[in-house]
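Peer 1: Sharing a structure below in structure tokens format, with a few things to ask.
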Amino acid sequence: MSESPLLIPWNDVPHVLSISRAHLARMRAAGKFGPTVLRAGRKLLVRRDELKLWVEADMPDAREWAAIRASDARRRLKVI
């Protein structure tokens, strides 16, 4: 049984979201792609779990997504 990778290469994100590469590029340029894009050398990656949560939250724009994630982080700190 193979596990899903934790990180998705940027070039695979359009396939995962069922959108075109051009549409994804436009979303990112317009600030409408919420998940954090990580860089490993020259390779761009997205966390699989964050991408899934973003889609489940109805794909809010980057600013709103950052606020949601910050709110979740504060909530987790209060629980501890």
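Peer 1: Taking the condition charged (D, E, K, R), open to solvent by 80 Å² or more (accessible area, probe 1.4 Å) and not in a helix (DSSP H, G or I), does ASP49 pass?
Peer 2: no
Peer 1: Let me ask something else. Picking from ILE68, ILE19, ILE8, which residue would you name as being in a loop (DSSP other than H, G, I, E, B) and of a type outside the set (Phe, Trp, Tyr)?
Peer 2: ILE19
Peer 1: When you look at LEU38, is it of a type in the set (A, V, I, L, M, F, W, C), at pLDDT 95 or above, in contact with a Pro (Cβ under 9 Å, 6 or more places away or on another chain) and surrounded by 12 or more Cβ atoms within 10 Å (Cβ to Cβ), yes or no?
Peer 2: Considered against the rule, which asks whether it is of a type in the set (A, V, I, L, M, F, W, C), at pLDDT 95 or above, in contact with a Pro (Cβ under 9 Å, 6 or more places away or on another chain) and surrounded by 12 or more Cβ atoms within 10 Å (Cβ to Cβ), LEU38 comes out as no.
Yes/no matrix, rows are residues, columns are (1) open to solvent by 40 Å² or more (accessible area, probe 1.4 Å); (2) of a type in the set (Lys, Arg); (3) not in a helix (DSSP H, G or I):
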site	(1), (2), (3)
SER4	yes, no, yes
ASP12	yes, no, no
HIS15	yes, no, no
HIS23	yes, no, no
ARG26	yes, yes, no
GLY31	no, no, yes
LEU53	yes, no, no
ARG63	yes, yes, no
ARG74	yes, yes, no
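The values are calculated or read from the model by the stated rules, or taken from the named source; none is laboratory data. These numbers come from a predicted model, not from an experiment. Note: ideal-geometry Cβ built from the backbone for every residue, glycine included; neighbour counts use all protein chains shown. Just the protein is used for accessible areas: all its heavy atoms, side chains included, with ligands, DNA and RNA removed. Shrake-Rupley method; radii C 1.70, N 1.55, O 1.52, S 1.80 Å.
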